[in-house]
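Reading through the structure tokens given below for one structure.
The values are calculated or read from the model by the stated rules, or taken from the named source; none is laboratory data. A quick note: this is a predicted structure, and the numbers were derived from the prediction, not measured. When we count neighbours, we look across all protein chains shown, and the Cβ atoms used for this are built from the backbone with ideal geometry, even at glycine. Areas reflect the complete protein model, heavy atoms only, side chains present, ligands, DNA and RNA absent. Shrake-Rupley method; radii C 1.70, N 1.55, O 1.52, S 1.80 Å.
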Amino acid sequence: MPIIETSLEKESRDRYLTYALSVVSSRALPDIRDGLKPVQRRILYDMFKFLHLVPTGTYRKSAAVVGGVLARFHPHGDTACYEAMVRMAQSFSMRYPLVDGQGNFGSIDGDSAAAYRYTEAKLTALAMELIGEIDEETVYFRDNFDGTQVEPVVLPSRFPNLLVNGAMGIAVGMATSIPPHNLRDTIKALLELIDDSEVTIERLVTTIRGPDFPTGCLVLNTRKELNEMYRTGRGQIRMRGEWKLEEASRGKKFIVVTSVPYSIDKSQLVEKIANLIIDRKVPQLVDVRDESTDVVRVVLELAPAAEPDTAMAYLFKNTPLETNFAVNM
């Protein structure tokens with residue numbers, strides 16, 4: 001075999017660019033048209049086309065989904081594939097879940113989902129709005145990795161999933177971090193855009209007033225900050241947990257935290273507050289307990305005559321009860 005002379009610089013550049021393009025287009029970043037990364041798209045398509053897991057049908061073992069996706073479309077690790085499916089089923093991760101999970105799919109406390117041999121899944125009704133018209137020649141198809149099947153290049157989404165559910169991904173030299181938004185408001189803004197393609201951002205942000213996180217936290221940004229974020233595509237969303245004051249018998253007062261910032265591990269937050277109370281760094285509080293069920297309810301017991309606003313100000317400053325979401329659109 002003849003020896004071909006080439007420069008190390010050229011080979012390094014060419015090979016790195018090939019790798020970078022593969023990571024960007026085939027793994028890490030969502031497609032703007034359906035808001036999905038390739039593994040998410042393949043999971044939804046396989047559930048619809050081959051397993052027929054429509055919302056009105058029965059659940060199937062998650063193992064069947066993972067096995068089918070790996071065999072037909074996604075020759076990568078089963079753990080990564082299952083984790084992608086689990087996230088699409090978590091109501092605290094996705095503003096509008098695309099997978100209807102049955103069994104242990106993890107929790108806001110950072111608990112992992114059960115193994116895929118124990119859980120079951122099917123598509124949600126909203127997922128059908130992403131994929132339902134795929135057999136009507138709406139999108140292009142391409143061969144899968146071994147040429148035995150074809151897969152859609154993109155799903156024929158009937159709603160702007162990229163904005164509605166948001167997306168986060170890090171590729172080679174590129175990244176994205178898009179917060180989720182309210183479906184109703186986003187559709188209203190789209191209708192305005194259809195009626196007037198020259199509609200201004202200032203007009204659209206009167207309809208889409210800001211992000212809508214699945215954990216229901218407060219957004220503290222000013223209107224000017226949000227407008228600038230949507231104009232430039234970059235910014236910081238300041239998120240804060242919601243709370244209320246409750247009074248029990250014998251004059252005892254309690255602060256009840258009813259929501260936490262998006263992507264915050266609630267159990268770690270409670271542990272952090274408990275450590276502050278033990279170290280007497282927040283003397284206004286004497287105890288903390290987590291009474292959450294399907295809704296968040298973290299109870300903070302106030303010391304006699306303590307000011308709740310003072311206690312909460314300290315917690316907002318020194319715990320993840322107030323944190324930032326970096327926006328990069």
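Residues in segment 309-315 carry Karplus couplings, in order, of 5, 5, 4, 5, 4, 5, 5 Hz; the curve used is 6.51 cos²θ - 1.76 cosθ + 1.60 with θ = phi - 60°, and Gly or Pro positions show x.
Using square roots of five times the C-alpha gyration tensor eigenvalues, list the equivalent-ellipsoid semi-axes of segment 19-81 in whole Å, biggest first. Don't skip to the end; give the middle numbers.
Values: eigenvalues 108, 40, 12 Å².
Rounded to whole Å, the semi-axes are 23, 14, 8.
Amide hydrogen proximity for VAL327: with H placed 1.01 Å from N in the peptide plane, the residues at 5 or more positions away or on another chain lying under 5 Å are GLY235, GLN236, ILE237. Here segment 208-252 has 44 percent of its accessible surface on carbon and sulfur atoms, given a 1.4 Å probe and all protein chains in place.
The charge dipole of segment 132-269, taken about its Cα centre with unit charges on the Cβ of Lys, Arg, Asp and Glu (plus for the first two, minus for the last two), comes to roughly 1300 debye.
Given q = 0.11 Å⁻¹, what are the Debye log10 I(q)/I(0) values for the chain, with equal point scatterers placed on the Cα positions and solvent ignored? Each listed q maps to, in turn, -0.85.
Near the amide H of ALA303, within less than 5 Å, lie the amide hydrogens of LEU285, VAL286, all on another chain or at least 5 residues away, with H placed in the peptide plane.
For segment 80-236, treating each Cα as an identical point scatterer without solvent, what Debye log10 I(q)/I(0) comes out at q = 0.17, 0.18, 0.21 1/Å? Rounded to two decimals, the profile gives -1.23, -1.30, -1.43.
Counting trypsin sites (Lys or Arg not before Pro) as exposed when in a DSSP loop with at most 10 other beta carbons within 10 Å, what is the longest stretch of the chain free of them?
Details: sites that count: ARG117, ARG280.
Segment 118-279 is the longest.
Tell me, which longest segment in the chain has none of the chymotrypsin sites (Phe, Trp or Tyr not before Pro) that fall in DSSP loops with at most 16 further Cβ atoms within 10 Å?
Values: sites that count: PHE50, TYR59, TYR118, TYR140, PHE145.
With chymotrypsin sites (Phe, Trp or Tyr not before Pro) excluded where exposed in loops, the chain gives 146-329 as its longest stretch.
Note the direction-averaged projected area, equal to a quarter of the hull surface, for the Cα convex hull of segment 224-291, in nm². List each step's numbers first, then the result.
Details: hull surface 26.7 nm².
That works out to 6.7 nm².
When segment 194-329 is described by a simple charge dipole with +1 on each Lys and Arg Cβ and -1 on each Asp and Glu Cβ, the residue from VAL288, LEU276, ALA326 located farthest towards its positive end is LEU276. Which whole-angstrom value gives the distance between the alpha carbon centres of segment 1-29 and segment 296-329? Here the answer is 49 Å between Cα centres. For GLN149, the residues 5 or more places off, or on other chains, whose built amide H falls under 5 Å of its own are ASN144. Counted over segment 262-314 with a bin width of 10 Å, the fraction of Cα pairs per bin, in whole percents, is 24, 54, 21, 1. Taking 31 Å as the limit for the C-alpha separation, the pairs LYS244/LYS272; LYS37/LYS317; LYS188/LYS266; LYS252/LYS317; LYS224/LYS317 exceed it in the case of LYS37/LYS317; LYS188/LYS266. Per residue, the chain reaches -10000 deg cm²/dmol at 222 nm when only DSSP H runs of four or more residues are counted, each adding -39500 (n - 2.57).
Relative to the longest principal axis of the Cα atoms of the chain, the long axis of helix 8-23 makes an angle of roughly 70 degrees.
Summary of the geometry: segment 62-125 and segment 219-263, compared by the centres of their Cα atoms, lie 29 Å apart. Between the helical axis of 183-195 and the longest alpha-carbon principal axis of the chain there is an angle of about 50 degrees. P(r) tail for segment 132-204: Cα pairs beyond 15 Å make up 71% of the total.
Note down the magnitude of the dipole of the chain about its Cα centre, charges +1 on Lys and Arg C-beta and -1 on Asp and Glu C-beta and zero elsewhere, to the nearest 20 debye.
Values: 39 positive and 44 negative charges, 117 e Å.
Using Cβ point charges on Lys, Arg, Asp and Glu, the chain gives about 560 debye.
Once the Cα atoms are used to define both axes, helix 266-278 deviates from the longest principal axis of the chain by about 30 degrees.
With a 1.4 Å probe and all protein chains in place, put ILE4, ILE208, ILE187 in order of accessible area, largest first.
Details: ILE4 140, ILE208 30, ILE187 60 Å².
From most accessible down to least: ILE4, ILE187, ILE208.
Along segment 41-52 the Karplus relation, 6.51 cos²θ - 1.76 cosθ + 1.60 evaluated at θ = phi - 60°, assigns HN-Hα couplings of 4, 5, 4, 5, 5, 5, 4, 7, 7, 9, 9, 6 Hz to successive residues, with x for each Gly and Pro.
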